Amino acid sequence: MKRYYITTPIYYVNSVPHIGTALTTIVADACARYHKRRGRPVYFLTGTDENAPKVHRVAQERGVPTQQFVDEMAEVFERTWRALHIEYDVFIRTTEARHKQVVTEVFRRLREQGDIYKGTYQGWYCISCETFFAPSKIGESKTCPDCGKPLEWRDEPCYYFRLSAYESRLREHIAANPHFIEPEVRRNETLGFIAEGLQDVAVSRSGADWGVPVPDDPEAGVVYVWFDALLNYLTATGWLERGEAYLDIWPPDLQLMGKDILPRFHATIWPAMLMALGLPLPERLYGHGWWIVNKQKMSKSLGNVYAPLEVAQALADASGCALPYAVDAFRYYMLREMPTDSDAEFSLEGVETRYNGDLANDLGNMLHRTLSMMHRYFGGRVPEGARLEAGLADLFAQQAARVAEAYEAVDFPRGLREAWQIIGAVNRYYDEQAPWALMKQGATEHAGQVLYAGLIAARLLSALIEPAMPQVAREIARQLNIGEVPLWHEAQAVDAIPAGHTLQEPIPIFPRLQAKPATISGAAPAPTAQHSVSETPTTAQPTAMQELITIDEFKRIQIRIATVKAAEPVPKSTKLLKLTLDVGGEERTIVAGIAEDYTPEQLVGKQIPVLVNLQPALIRGIVSEGMMLAADVDGRAVLLHPDREVPSGSVVR
Ligand code: ME8
């Protein structure tokens, strides 16, 4: 059976992994895991692009032999991907002998059949993008049309690949295969690129001494790095040494990359090379958008490049979450906020908001309250007669189908949103049915039935979220005591946890972030809370469990005395006031619904209790960082004051 073949680009090793390369790799890993969970054999390839002139140049600048440099850097990539729970089947390196053999063989074949021919190259080259540009694309400034850096003039004998000969076949293929290039915006970009007319591509560089030598012509230098790099996808299937057997992997089913390397390289040169070789083309090329930071492109000079493991570690430190689960939380953020058609803003505040909202409040809380009540009321054993209500069973099945549909389309934001509908449904069900009240009334069997919904939902979710959060999925399965995370179709069974089944003690997977928002930002760029907070429904607090809490639970609530420094009405609202508070020397903004009971003047200078560790919420465009507490008298707010003036920031306990 042919394996479902998924690839990421191979990354240049002159810089370390960042949230951009992590995005493509995590999306690929999530796709690979999803298809495996569906029971399909998968072949997942990633690796490093090591023959580029810029890689050689950086090694030289650092005074390290280039081979040693690429060895060390490839190791950094492999270590990082493993730490991010990336489960690739093959890690390819373009300095491997087997790859160089493939490049040599392809070059020879295409030259023999006339698709590669010798000429001279006169023109401009961008070493940063490793790209030759036609004179028509370059203005007076002689800077790269893609990255803006200065171009180098080249005047050298050179081999060309006859790309122009494939223009009409490429157009036809794209027209006949609507899923060949996704999302649609990339397809249009590619068609636009082809419409400008395809020129033959220079595929050798003379005078270079790092890379794959042009076969049988030592004077010609080395093979152009993109011609070399694209062939990695073929090398990894064993095309050269496995005879027809390589067809158990080839062609790629899904090639993932960022939008910058799709139209010209992956959707034009690459398929044309395969057409020239007479090989089947990839089924689908998917180009995601870019992360931007503070509305700007990430770049070393701006100092806004984030390292994925540092983000995960900071999240673990700030929350007390175990590192593997913080890594999964980072993966969740990457997929939930993934830029698909357009670019998306990456921010640490966004990571925190998703963590506290979707993971601690929603998923973590649902699992924890289900298992806690199961232990409290039923000694941790599934009671007799528990079964899932038909309405919920239908909803779970429908949501699982929607998640699958979205994952197939590489639309993880949608897939995860659909999965979270299940959590919302269970939390609402608990609130409506109030199993704690049922227990008090002696309706034990009914209470068991209600809680069974949480167990079945958690089991199903372990499978649905596994592509995004593999370690968390495993931990859910462990706490449910069901062994392995179920396969996709097994996960749909609504009676899979039998009466008498023993559950493990609940252990919170995602402790709520205790410190105030933006704790993990540290040395990070200026906050961009606006974007990330607005994506989240205003503090979607989980439906509170109407039952007694422990002293430890109470200790997690931080209330402090704040002094109101300024107060003003919120535009277009009759109920809201924006308060600027001093909390022990720290300034905070909160939005309070007391405009009908107090004027701004009555509030300034007052000391009031404020819940300070509440997840921030975006209210009428204002980020509210806490909640003032007041007595509720028939729906009217009545202020609470300390008995005498106290230092601002005093703890209330
Ligand atoms: O291009 N947001 O390698 P590369 C999202 N070696 N994705 C980003 C990004 C950002 N801010 N910055 C970079 C190469 N990327 C070649 C590939 S394949 C035969 C050869 C993505 O190390 C970018 O779009 O420059 C691309 O998919 C990947 O990181 C490239 O990394």
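Applying the criterion of being in a strand (DSSP E or B) and within 19 Å of Ser128 (Cβ to Cβ) to the residues of the stretch 148-162, the residue that is most open to solvent (accessible area, probe 1.4 Å) is Trp153. In this structure, is Thr237 assigned to a helix (DSSP H, G or I), within 15 Å of the ligand (Cβ to nearest atom), open to solvent by less than 10 Å² (accessible area, probe 1.4 Å) and touching a helix residue (DSSP H, G or I) at 6+ places or on another chain (Cβ under 7 Å)? Criteria not met by Thr237. Determine, yes or no, whether Asp260 is surrounded by 18 or more Cβ atoms within 10 Å (Cβ to Cβ) and within 11 Å of the ligand (Cβ to nearest atom). Here the answer is no, as Asp260 does not meet what is asked. Looking across the stretch 342-387, the residues that are of a type in the set (Gly, Ala, Ser) and either closer than 26 Å to Gln492 by Cβ or part of a helix (DSSP H, G or I) (or both) come down to Gly350, Gly357, Ala360, Gly364, Ser372, Gly380, Gly385, Ala386. Here the strands (runs of 3 or more DSSP E) wholly within the stretch 566-653 that include at least 3 residues being under 30 Å from Gly350 (Cα atoms) and either assigned by TED's automatic domain parsing to the domain that holds Arg354 or modelled with pLDDT under 90 (or both) are 586-592, 617-619, 622-624. Is at least one residue of the stretch 499-510 surrounded by 23 or more Cβ atoms within 10 Å (Cβ to Cβ), of a type outside the set (A, V, I, L, M) and more than 28 Å from Ala314 (Cβ to Cβ)? No, every residue in the stretch 499-510 fails to be surrounded by 23 or more Cβ atoms within 10 Å (Cβ to Cβ), of a type outside the set (A, V, I, L, M) and more than 28 Å from Ala314 (Cβ to Cβ). Any residue in the stretch 168-196 that's buried (at least 19 other Cβ atoms within 10 Å of the Cβ): show its pairings with residues that are of a type in the set (S, T, N, Q) at Cβ separation under 6 Å, as long as the two are six or more apart or on different chains. Every condition considered, the pairs that remain are Ile181/Thr190.
Name every residue in the stretch 13-25 that is open to solvent by 10 Å² or more (accessible area, probe 1.4 Å) and either in contact with a Lys or Arg (Cβ under 7 Å, 6 or more places away or on another chain) or hydrophobic (A, V, I, L, M, F, W, C) (or both), in order of residue number. If the condition is that a residue be open to solvent by 10 Å² or more (accessible area, probe 1.4 Å) and either in contact with a Lys or Arg (Cβ under 7 Å, 6 or more places away or on another chain) or hydrophobic (A, V, I, L, M, F, W, C) (or both), then Asn14, Val16 are the ones that fit.
Among the residues here, His85 does not qualify as within 15 Å of the ligand (Cβ to nearest atom) and open to solvent by less than 40 Å² (accessible area, probe 1.4 Å).
Of the numbered criteria (1) within 27 Å of Lys259 (Cα to Cα); (2) part of a helix (DSSP H, G or I), the one Pro145 fails is (2). Please indicate, with yes or no, whether at least one residue in the stretch 277-285 is assigned to a helix (DSSP H, G or I), more than 11 Å from the ligand (Cβ to nearest atom) and of a type outside the set (Lys, Arg). Yes, the stretch 277-285 contains at least one residue that is assigned to a helix (DSSP H, G or I), more than 11 Å from the ligand (Cβ to nearest atom) and of a type outside the set (Lys, Arg). Applying the set (1) more than 11 Å from the ligand (Cβ to nearest atom); (2) farther than 30 Å from Gly123 by Cα to Glu196 leaves exactly one unmet item: (2). Against the list (1) within 10 Å of the ligand (Cβ to nearest atom); (2) within 22 Å of Arg171 (Cβ to Cβ), the condition Leu274 fails is (1).
Candidates in the stretch 1-14 are the residues that are near the ligand (Cβ under 7 Å from one of its atoms) and touching a residue at least 60 places away in the same chain (Cβ under 8 Å); of these, the one that is farthest from Arg93 (Cα to Cα) is Pro9.
On the stretch given as the stretch 313-325, residues that are in contact (Cβ under 8 Å) with a residue 24 or more places away in the chain and in a helix (DSSP H, G or I) total 7. Taking the criterion of being among the hydrophobic types (A, V, I, L, M, F, W, C), within 15 Å of the ligand (Cβ to nearest atom), farther than 18 Å from Glu87 by Cβ and buried (at least 18 other Cβ atoms within 10 Å of the Cβ), would at least one residue in the stretch 26-48 satisfy it? Within the stretch 26-48 (the criterion being among the hydrophobic types (A, V, I, L, M, F, W, C), within 15 Å of the ligand (Cβ to nearest atom), farther than 18 Å from Glu87 by Cβ and buried (at least 18 other Cβ atoms within 10 Å of the Cβ)), the answer is no, since none of the residues qualifies. Within the stretch 205-232, track down each residue that is assigned to a loop (DSSP other than H, G, I, E, B), modelled with pLDDT of 95 or more, touching a helix residue (DSSP H, G or I) at 6+ places or on another chain (Cβ under 9 Å) and of a type outside the set (Asp, Glu). Once the filter is applied, which keeps residues that are assigned to a loop (DSSP other than H, G, I, E, B), modelled with pLDDT of 95 or more, touching a helix residue (DSSP H, G or I) at 6+ places or on another chain (Cβ under 9 Å) and of a type outside the set (Asp, Glu), the stretch 205-232 yields Trp210, Gly211, Val212, Val214, Pro215, Leu231.
Residues in the stretch 202-211: is at least one of a type outside the set (Phe, Trp, Tyr) and touching a Leu at 6+ places or on another chain (Cβ under 7 Å)? Checking the stretch 202-211: not a single residue is of a type outside the set (Phe, Trp, Tyr) and touching a Leu at 6+ places or on another chain (Cβ under 7 Å).
Residue check: is Met338 within 12 Å of the ligand (Cβ to nearest atom), outside any strand (DSSP E or B) and either acidic (Asp, Glu) or within 21 Å of Glu475 (Cβ to Cβ) (or both)? No: the conditions fail for Met338. Among all positions in the stretch 375-392, there is no residue which is within 23 Å of Val185 (Cβ to Cβ) and of a type outside the set (D, E, K, R).
The values are calculated or read from the model by the stated rules, or taken from the named source; none is laboratory data. Here the structure is a predicted model, which is why all the values come from computation and not from measurement. Backbone-built Cβ (ideal geometry, glycine too); neighbour counts: all protein chains shown. These area figures cover heavy atoms from the full protein model, side chains too; ligands, DNA and RNA do not enter into them. Shrake-Rupley method; radii C 1.70, N 1.55, O 1.52, S 1.80 Å.
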